[in-house]
Amino acid sequence: MDRRTFLTAGLGLGTLFVAGSVHAAWPKDAFEAQESGALIDMLAGSKPAPSDAITITAPDIAENGAVVPISVSTTLEDVTRISIVVEQNPLSLTSTYDLTPDSVPYVSTRVKMLKTSNVVALVEAGGKSYSGVREVKVTIGGCGG
């Protein structure tokens, strides 16, 4: 076996190993959940407590539902996860972020929104689940065109 063949085979096997481990961590059930209430219960483990310590920054009216900027921040201590749910989307869970203890509890993304909906931020902090809600009105575009 020559060096080029060895390196190509090693690179291919390494890629398969990494891709398999990333795919295994993907929460398939959560991303495919169709009912937002059941999804929130699945992610939070129970009914999350409403919290004023969670800030959702999003436009009041999104003129283009295909690209809606959303940011979530919190002043809660020991934040380990932040998830963003758009209740009226066909697949409600837009994203979930696992944070390390040294992370700043802030995430920002852009999502597609089918229509006017509540955006729910779920935050796991100190072993408990909290939620914040903000309504975003969508005028055109979005998931449905």
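Please go through the stretch 36-145 and write out the trypsin sites (Lys or Arg not before Pro) that DSSP classes as loop and that have at most 15 other C-beta atoms within 10 Å. Answer in residue order: K115. Rolling a 1.4 Å probe across all protein chains gives D98 an accessible area of roughly 110 Å². Among the GluC sites (Glu not before Pro) in the stretch 60-99, those placed in a DSSP loop whose Cβ has at most 14 other Cβ atoms within 10 Å are E63, E77.
The residues neighbouring I70, those whose beta-carbon lies less than 9 Å from its own, together hold a net charge of +2 under the Lys/Arg +1, Asp/Glu -1 convention.
The values are calculated or read from the model by the stated rules, or taken from the named source; none is laboratory data. For clarity, every value in this text was computed on a predicted model and none was experimentally measured. Neighbour counts are summed over all protein chains in view; Cβ atoms, including those assigned to glycine, are modelled from backbone coordinates with ideal geometry. Surface accessibility is based on the protein's heavy atoms, side chains included, excluding ligands, DNA and RNA. Shrake-Rupley method; radii C 1.70, N 1.55, O 1.52, S 1.80 Å.
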